[in-house]
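*Asks:* I am attaching a structure below and will ask some questions about it afterwards.
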Amino acid sequence: MVKNYRGKRPEPKVQPLEHRRVAQCMSKKLITFKPEDDLEEVTKWLIAKRISGAPVIDDREKLVGMISEGDCLKEVVSGKYNNDPGAYGTVGDRMTTEVHTLSPDTTVLEAAQAFLKRRFRRFPVVDNGLLLGQVSQSDILRAAYDLPSTNWH
């Protein structure tokens, strides 16, 4: 008879994937911008921080849009086309205002499905219009692969 030399191991106290929520794996310390921010300065921030986009909030921290590298590129192309490369507008001029968001109670599996359906890099996490954080595809992957293999059903 072979005995296990490790003894009895405690059961892992990790929630199964279908019970984990976006609020548990989202980023909370975000770089955000205001609609009145200068687009040239925002472009510099995106480059310096090596991020591809960020939420845009109002003075009450309500989400009003998203600004991305693509939005900034539109401004660069427009300036080149109009032979005015120094003409930048504001974030409010170029930001995306129809933003798809997730609730903090969204499960990790539901978030994964939303990423596959929408093909976005990130979703803002919002509750009653207030920006709470942001969840990325890599946040969801980490949440899934941080689970012990015994929790995969």
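Where a number appears in this text, it was derived from the coordinates with a stated rule and is not lab data. This one's a predicted model, so the numbers in the text were calculated from it and none came from an experiment. Ideal geometry is used to build each Cβ from the backbone, glycine not excepted, and the neighbour counts take in all protein chains shown.
*Asks:* Please give, to one decimal in nm, the separation of the simple spin-label points placed at D105 and Q137, each 7 Å out from Cα toward the Cβ.
*Replies:* 2.9 nm
*Asks:* Let me ask something else. Using amide H atoms built in the peptide plane, which far-off residues or other-chain residues are under 5 Å from L30 H to H?
*Replies:* Excluding prolines and chain starts, which carry no amide H, there are no hits.
*Asks:* Another question, then. Placing +1 on the Cβ of each Lys and Arg and -1 on the Cβ of each Asp and Glu in the range 19-146, which of L63, T106, I51 has its Cα farthest towards the positive end of the resulting dipole?
*Replies:* Of the options given, the answer is T106.
*Asks:* Just subtract the alpha-carbon distance of I47 and Q24 from 0.36 nm times their residue separation and send over the number in nm, one decimal.
*Replies:* Numbers: separation 23, 0.36 × 23 = 8.28 nm, distance 2.82 nm.
My answer for the length gained is 5.5 nm.
*Asks:* Applying a 10 Å radius around every beta-carbon, put 43-49, 70-76, 53-59 in order of their mean neighbour count, most first.
*Replies:* The peptides rank, most packed first, as 53-59, 70-76, 43-49.
*Asks:* Can you tell me how much longer the chain between E40 and A144 gets when fully stretched, taken as 0.36 nm per residue apart minus their C-alpha distance, in nm with one decimal? Don't skip to the end; give the middle numbers.
*Replies:* Working: separation 104, 0.36 × 104 = 37.44 nm, distance 3.75 nm.
Computed gain between E40 and A144 is 33.7 nm.
*Asks:* Between K62 and R119, what is the label-point separation in nm under the 7 Å Cα-to-beta-carbon projection?
*Replies:* Those two pseudo-labels are separated by 3.2 nm.
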